[in-house]
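Only one structure is covered here, and it is reproduced in the block below.
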Amino acid sequence: MEQKREQFSGALGIIAATAGSAVGLGNIWRFPYVTGENGGGAFIIVYLIFVFGIGVPVMLSEMIIGRKAQANAIGSFKKLAPKSSWWIIGLIGVLASFIILAFYSTVAGWTLHYVYSATTQNLLGQDYGTYFINFKDSTAMPAFWHIVFMVLTAAIVIAGVQKGIEKYTKVLMPILFLFMIILAVRAVTLPGASEGVKFLFKPDFSKLDANAILAALGQAFFSLSVGMGTIITYSSYFKKKEKLGGIAVSVAGTDFFIAILAGLMIFPAVFAFGMAPDSGPGLVFMTIPSIFEQMPLGNFFAIIFFLLIVIAALTSSISLLEVVVAYFVEEFKMKRVWATATSAIAITVLGMFCTLSWSTFKAIKIDNIAGNESMFFFDMMDFLASNILLPLGGVLIVIFVGWKLGKARSLNELTNEGLHKSKLYSLVFFIVKYIAPIAIMFVFLKGVNVI
Ligand code: PFF
């Protein structure tokens, strides 16, 4: 690789881009509905433990790998462990990115449609449950917005790391944050909102079965963008002087906080408007518009809000596509433009099956597993990636760092060659080597009913 690799310009850019990858539909769309399906408060406690106890160590492991090797998700393993099969971990990651982006762009497409319908004054005042289902079950519009979103994602990735990814995330993330606070305040002050706040913060452990616990782990990985080489890829663009520990903790903290904010804006509204918290992937789309209806200038705010979600989705989708593109560019010496175009097209095609899961492809489904509703192609891809590939990738990543790379080399990278020593790092390594692999394996095997 003779050509000079791109880098993020500094700590602020790194945090913006990495938090930009972490914060997205996972927080605003997925967290509320998964929490709703798994009973609320108790699920959130388990989620919190997984984010910091397992997610952060996995994130740090990815940062150690990526920054040390300065290469893409697969190339990094080839560099650090030549002539071995460890690179397969990277391959799982590339595959997971591919699959996640396929269904991610379906949901991002829904969001784009909401921007459009709010702009044309066709959103507020509807029966939102029916509105969403009719839209999701149609074909032309969801397909169209899905494609639009993939084109936007590809366009930013073609522009490259600093001029594309970094520039947008730095400005837009703080605006989203502010907006979410305003909406959460509006939601918790709705009449009848207290039920929702209780649902979020009052734990009911009877709802927590092995499935729910695996769902919490999958959600933690999904939301933090770990277990699939995204952080390996991004941290290969970090400078050697950046402090990895601080970055990981601030990203995880921001990500968790935004998920809770999303919960605070959705659940009070769910209960205030008499909806079911376990309505599934449509939950956010069926509730948020009702909050805007109760606000002055609601339509205007609805446009801006859905636009901001699109942007949050974009700062995540570009990180997913970047995993695939960096791999093709570096390992196959493809031009960035071509690598991006071909992978984006392939993902759009797979994504079309997700987008049209409830119409053209509704025959592809699995009925009634574990008493749940039918799983359509969309749900299958989500389950496969989040609850299987990410935990699998995550466990292999920590095993690689803990057992193959070893303590001396890992801590050397983590402490910037001994510059920022901290006792905490030994604890982190202990978790990476022993606790995280056992915990992930256990939750995974129990969740898929193997033990
Ligand atoms: N973390 C993103 C979100 O919460 O929306 C989704 C995501 C991005 C998952 C990148 C995985 C990933 F590698």
Computed log₁₀ I(q)/I(0) - Debye formula, equal Cα scatterers, no solvent, region 375-430, q 0.14, 0.21, 0.22, 0.29 Å⁻¹: -0.53, -0.77, -0.80, -1.06
Check the straight Cα-Cα distances from K365 and name the aspartates and glutamates below 17 Å, setting aside those fewer than 8 residues away within the same chain. D137, E373, D379, D382
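Could you compute Rg(Cα) / (2.2 N^0.38 Å) for region 214-337, with N its residue count?
Numbers: Rg = 18.5 Å, N = 124, 2.2 N^0.38 = 13.7 Å.
Working it through for region 214-337, the quotient is 1.34.
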What is the P(r) of the chain, as percent of Cα-Cα pairs per 20 Å bin from 0? 27, 60, 13, 0
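Send over a whole-number figure in Å² for the accessible area per residue of region 17-91, probe 1.4 Å.
Numbers: 1760 Å² over 75 residues.
Per residue, region 17-91 has an accessible area of 23 Å².
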At 222 nm, what helix-only mean residue ellipticity would the chain give, in deg cm²/dmol to the nearest 500, using -39500 (n - 2.57) for each DSSP H run of four or more? -22000 deg cm²/dmol
Which of the aspartates and glutamates could be linked to K241 by a straight reach, that is with a Cα gap under 16 Å, when you skip same-chain ones fewer than 8 residues away? E6, E413, E417
Suppose every K and R has +1 on its Cβ and every D and E has -1 on its Cβ; what is the size of the dipole of region 42-190 about the Cα centre, in Debye to the nearest 20? 700
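Within the chain, what whole-number % of the accessible surface is contributed by carbon and sulfur, with the 1.4 Å probe and all protein chains included in the calculation?
On the way: 11770 of 17280 Å².
After summing per-atom areas, the C and S share lands at 68 percent.
With only alpha-carbon atoms in the gyration tensor, what are the semi-axes of the equivalent ellipsoid for region 3-94, in Å, largest first?
On the way: eigenvalues 186, 64, 28 Å².
Values for region 3-94, descending: 31, 18, 12 Å.
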Which lysines, if any, have their Cα less than 26 Å from the Cα of K335, not counting same-chain residues under 8 positions apart? K4, K68, K78, K79, K163, K167, K239
About its Cα centre, how strong a charge dipole does region 314-408 have in debye, to the nearest 20, once Lys and Arg get +1 and Asp and Glu get -1 at the Cβ? 360
Burial ranking of peptide ranges 190-199, 316-325 (average Cβ count within 10 Å, highest at the top): 316-325, 190-199
Kindly provide log₁₀ I(q)/I(0) values, in the same order as q = 0.15 Å⁻¹, from the Debye equation applied to equal alpha-carbon scatterers of region 275-431. -1.13
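The values are calculated or read from the model by the stated rules, or taken from the named source; none is laboratory data. As the structure is a prediction and not an experimental result, all values here were calculated from the model. We place every Cβ from the backbone using ideal geometry, glycine too, and count neighbours over all the protein chains shown. Note: areas computed on protein heavy atoms with side chains; ligands, DNA, RNA excluded. Shrake-Rupley method; radii C 1.70, N 1.55, O 1.52, S 1.80 Å.
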